[in-house]
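Taking it in order: structure first as structure tokens, then the write-up.
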Amino acid sequence: MKFLSAVPIGKSAPVPFCCIRNADQANRGIIGEHYSAGTGEILVEDHKTLTIRNITLEANRAPDAWVFAGRGEVRQSSGKKAFVVGRDTPSRHCSLRDDYRGDTDLRVQLAHGQTIYGIDYLSLFCYQYDVDFGHIDVHLDPQQNAVPAHIPPPLGQNGGGDQRTASAAAKSSRNNHETGGGNEMDVLESNDIDGSC
């Protein structure tokens, strides 16, 4: 193997972070108050991708239910809806609708413009009525908790959930609409309301 140059970094390579845990119950993440909302530990795979272990949520009974992340008070105005990897696509970004009983892990990707270092809560959330079913505080420091960067797959090879593709599809969709209004996030936010889910 030949090298043009090498740069010593002097620190360990980033690795997934295990795990975001509830301070009161180390094997739990979110402990909620509504619709049996709760999770096990939350694995941080990279700076945009999380695995929420052992989710419990009666999403089939809630008006809508989202994995939601943001900064500040847990409110509609302070956060964004995450994508469920392998399920949500640029044209179908949908509310959780299943009855999760603790035997399912949910892999999610934070919304466009968000990273694990730029959020301070992760919530199971009702967007329609601005209700926090349950949340956990997130305070990761890139110096102390260096996780790998998120490297999205090439366009067209992602199987759904990649934000670059979502943005491109949203722009295309917006350009094809004759209304002339809205932005790419409006397209994503309205998918569940317009009946496409």
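The values are calculated or read from the model by the stated rules, or taken from the named source; none is laboratory data. Small disclaimer: the values here were computed from a predicted structure and weren't measured. Every residue, glycine as well, gets a Cβ built from its backbone with ideal geometry; the counts of neighbours run over all protein chains shown.
Before moving on, here are some points about what is shown:
- Members of the stretch 49-92 found to be under 14 Å from the mean Cα position of the chain (by Cα) and charged (D, E, K, R), listed by number: R53, R71, K80, K81, R87, D88
- Filtered by the rule that a residue be in contact with a Lys or Arg (Cβ under 9 Å, 6 or more places away or on another chain) and either within 19 Å of A111 (Cα to Cα) or touching a residue at least 60 places away in the same chain (Cβ under 8 Å) (or both), the stretch 22-39 gives N22, G29, Y35, G38, T39.
- Each residue in the stretch 70-99 was checked for being outside any loop (DSSP other than H, G, I, E, B) and surrounded by fewer than 22 Cβ atoms within 10 Å (Cβ to Cβ), and 8 of them qualify.
- Of all residues in the stretch 49-69, those satisfying the criterion of being buried (at least 24 other Cβ atoms within 10 Å of the Cβ) and either in contact with a helix residue (DSSP H, G or I) (Cβ under 7 Å, 6 or more places away or on another chain) or assigned to a loop (DSSP other than H, G, I, E, B) (or both) are I55, A65.
- Evaluation of G102 against the conditions (1) buried (at least 22 other Cβ atoms within 10 Å of the Cβ); (2) at positive phi shows that the sole unmet condition is (1).
- Conditions (1) surrounded by 24 or more Cβ atoms within 10 Å (Cβ to Cβ); (2) on the phi > 0 side of the Ramachandran plot; number of the one not met by I42: (2)
- Residue satisfying all of: in the stretch 40-67; of a type in the set (K, R) and touching a Leu at 6+ places or on another chain (Cβ under 9 Å); nearest to A111 (Cα to Cα) among these: K48
- Number of the exception - E33 against (1) surrounded by fewer than 18 Cβ atoms within 10 Å (Cβ to Cβ); (2) under 15 Å from C126 (Cβ atoms); (3) modelled with pLDDT of 95 or more: (3)
- Restricting the first member to the stretch 5-20 and to residues that are within 30 Å of E41 (Cβ to Cβ), and the second to residues that are among the hydrophobic types (A, V, I, L, M, F, W, C) and surrounded by fewer than 14 Cβ atoms within 10 Å (Cβ to Cβ), the beta-carbon pairs closer than 9 Å and six or more apart or on different chains are P14/A149.
- Count of the stretch 37-67 residues, restricted to those that are of a type in the set (A, V, I, L, M, F, W, C) and touching a His at 6+ places or on another chain (Cβ under 8 Å), is 1.
- Residue tally, condition hydrophobic (A, V, I, L, M, F, W, C), assigned to a loop (DSSP other than H, G, I, E, B) and surrounded by 18 or more Cβ atoms within 10 Å (Cβ to Cβ), over the stretch 16-30: 0
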